[in-house]
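Beneath this line is the structure, given in structure tokens, with notes to follow.
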Amino acid sequence: MTTVYEPDCEYVDGELLERNSGEVDNGWMQCAVAAWLCSRRKELGIHVFLSVRTQVAPQRYRVPDVAVTLDKAKGRILREAPFLCIEIVSPEDRVSRMEEKIDDYLKFGVQFVWLIDPRKKSAWSYTRTGKREAVSILVTDEPRIELPILDLFAELGEEIDPV
């Protein structure tokens, strides 16, 4: 069965939740993070996906901005927990909704969740044991991924003129 929602939505407990569209800084950061990960996918042994539907529970489908798996994807949607889910905050995102998504990912078995806010130039790493703010890099273990978030924030400033 194939279901398409326009615009792309998440499905949570029988309710369609519209995903907030990003703005230029959000879109650039999503692209930059994915490109950084993709360029290292072979050495890290990872697979990188943009905005792929992920079934986190029987009646819950989320769409992370970037998902990283350690194994090849099976099927058209992810039904096995990614290793890492990354959310890039857009101006319309509410904290409570982001926290619910992060909780869904962690309950599903995602080992690491990164939350990146390009406007505030801040980033957080979440695991089942807690969260921490990333000062200059976002890190995972096994495989060890070290995303230089401070460098990406600097590049964002070079790419986009504030209005």
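General observations
- Where both bridge residues fall in the chain, DSSP classifies roughly 80% of the beta bridges as antiparallel.
- Values of log10 I(q)/I(0), in the order q = 0.12, 0.19 Å⁻¹, for segment 9-159 under a Debye, Cα-only, solvent-free model: -0.46, -1.23
- Relative contact order [Cα under 8 Å, 6+ residues apart], the chain, whole percent: 18 percent
- Across segment 125-132, computed HN-Hα scalar couplings (Karplus, 6.51 cos²θ - 1.76 cosθ + 1.60, θ = phi - 60°) run 10, 10, 9, 5, 8, x, 10, 8 Hz from first to last residue, x flagging Gly and Pro.
- Pairs from the list 72/121; 101/121; 74/101; 72/131 with a Cα-Cα gap above 25 Å: 72/121; 72/131.
- For segment 22-163, size of Cβ-based charge dipole, Lys and Arg +1, Asp and Glu -1, in debye: 780 debye
- Residue list for segment 101-119, given a label point 7 angstrom along the Cα-to-Cβ vector of residue 137 and an amide N cut-off under 19 Å: 112-116
- Computed per residue of the chain from DSSP H runs no shorter than four, each worth -39500 (n - 2.57), the mean residue ellipticity at 222 nm is -8500 deg cm²/dmol.
- Ordering 96, 124, 81 by Cα displacement along the dipole of segment 9-159 toward the positive end leaves 81 in first place; charges were set at the Cβ atoms of Lys, Arg (+1) and Asp, Glu (-1).
- If the segment from residue 107 to residue 146 were pulled out straight at 0.36 nm per residue, it would be longer than the present Cα-Cα gap by 11.7 nm.
Just so you know, all these numbers are worked out from the coordinates, no wet-lab data involved. Here the structure is a predicted model, which means the values were calculated and not measured. Positions of Cβ are backbone-derived with ideal geometry, glycine not excepted, and every protein chain shown enters the neighbour counts.
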